[in-house]
Amino acid sequence: MPDHATSLDDLPDMTALLSRSGLDFMRDMIAGTLPGPPIGATLGFHPVVAEPGCVVFEGTPTFAALNPMRGVHGGWYGAILDSCMGCAVMTELARGEIYTTLEFKTNITRALALGRAVRAIGTVQHRGRSTGVATGELRGVGDGKLYATGSTTCIILRPDTGTDTGPDFTPPAPPPGS
């Protein structure tokens, strides 16, 4: 099994998602039983720890993450924070529940140098019936400095109720040539 999905066929289907708790799903992904999402391979980050209400990602921005001013693009900070915060909410989900991000905010506190290894820590602040709220911090692995903070609100879905995407939901195929 690849470390990261390289095609739609590599991604877990809805049955695999719904048959595990969110915490079990995250732990299976970290253990390599399930492949990680392709965005992690593309942007150079991956989950390393999953506990109830907390997920840690590690990553290092590469040349591909640079903006025209030679700095790490703000979207990279946002992507790793969105991942750790959303996955923290995921660890609070029971079997039969999934989530998606409703909104998130990123506050960049200092420039991140190309090649600087970072750790993104997402922590759940509230898990309700239909939403989860989490915060995140992006810190340097070697220096411990705070590079960014974030907050998110996620919606919690129960596909088996027929009100969401449903257990047979299949996302549309990407356009030809993409």
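The values are calculated or read from the model by the stated rules, or taken from the named source; none is laboratory data. It should be emphasised that the depicted structure is a prediction, and the values quoted were computed from it without experimental measurement. Ideal geometry is used to build each Cβ from the backbone, glycine not excepted, and the neighbour counts take in all protein chains shown.
Considering only residues of region 67-87 that are of a type outside the set (Val, Ile, Thr) and touching a helix residue (DSSP H, G or I) at 6+ places or on another chain (Cβ under 9 Å), which is modelled with the lowest pLDDT?
67
Output the residues belonging to region 85-101 that are surrounded by 14 or more Cβ atoms within 10 Å (Cβ to Cβ) and of a type in the set (A, V, I, L, M).
Those that are surrounded by 14 or more Cβ atoms within 10 Å (Cβ to Cβ) and of a type in the set (A, V, I, L, M): 85, 88, 89, 90, 93, 98.
Out of the residues in region 125-158 that are among the β-branched types (Val, Ile, Thr) and buried (at least 21 other Cβ atoms within 10 Å of the Cβ), state the one that is farthest from the chain's Cα centre (by Cα).
The qualifying residue farthest from the chain's Cα centre (by Cα) is 156.
Within region 13-29, which residues are without any contact (Cβ under 8 Å) to a residue 40 or more places away in the chain and outside any helix (DSSP H, G or I)?
Answer for region 13-29, where residues must be without any contact (Cβ under 8 Å) to a residue 40 or more places away in the chain and outside any helix (DSSP H, G or I): just 13.
Sort through 160, 168 and tell me the only one that's assigned to a helix (DSSP H, G or I) and either over 25 Å from residue 76 (Cα atoms) or modelled with pLDDT of 95 or more (or both).
Exactly one of 160, 168 is assigned to a helix (DSSP H, G or I) and either over 25 Å from residue 76 (Cα atoms) or modelled with pLDDT of 95 or more (or both), namely 160.
Taking the residues in region 40-78 that are over 20 Å from residue 25 (Cα atoms) and small (Gly, Ala, Ser) as candidates, determine which candidate is surrounded by the most Cβ atoms within 10 Å (Cβ to Cβ).
Step by step, filter region 40-78, then rank; the result is 59.
Yes or no: region 145-156 includes at least one residue that is assigned to a loop (DSSP other than H, G, I, E, B) and at pLDDT 95 or above.
yes
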